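The values are calculated or read from the model by the stated rules, or taken from the named source; none is laboratory data. Because the structure is a prediction, the values reported are computed rather than measured. Neighbour counts are summed over all protein chains in view; Cβ atoms, including those assigned to glycine, are modelled from backbone coordinates with ideal geometry.
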Amino acid sequence: MKITKTRLKQIIKEELENVIEGVEKAWCVGFEKDGEMHHERVYADAGGVAERKIKKKHDIGDDAIKSTKEGKCPR
């Protein structure tokens, strides 16, 4: 089976978009630490992965996570 240059370019473009889309998905994780509410943007494939990154980074437990949603965090 032959693949034309145009079709090969299209395949490469689609695959690159899939990779970039997966890497750039931002999650806003809201968490409580030292009695204060914080929000932090985390790049991850899923919300659960984003939460684990926050828990590890800030050394907090499950109960400290208050919200997780895809997108930008409030300023």
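Scanning the stretch 48-75 for residues that are touching a residue at least 40 places away in the same chain (Cβ under 8 Å) and on the phi > 0 side of the Ramachandran plot yields a total of 1. All conditions in (1) in a strand (DSSP E or B); (2) within 17 Å of the chain's Cα centre (by Cα) hold for GLU32, with the sole exception of (2).
When the stretch 42-70 is examined, which residues are found to be of a type outside the set (Ser, Thr, Tyr), surrounded by 15 or more Cβ atoms within 10 Å (Cβ to Cβ), modelled with pLDDT under 95 and outside any helix (DSSP H, G or I)? Across the stretch 42-70, the qualifying residues are VAL42, ALA44. May I ask you to verify whether LEU16 is at pLDDT 85 or above and part of a helix (DSSP H, G or I)? Judged against the criteria, LEU16 is not a match.
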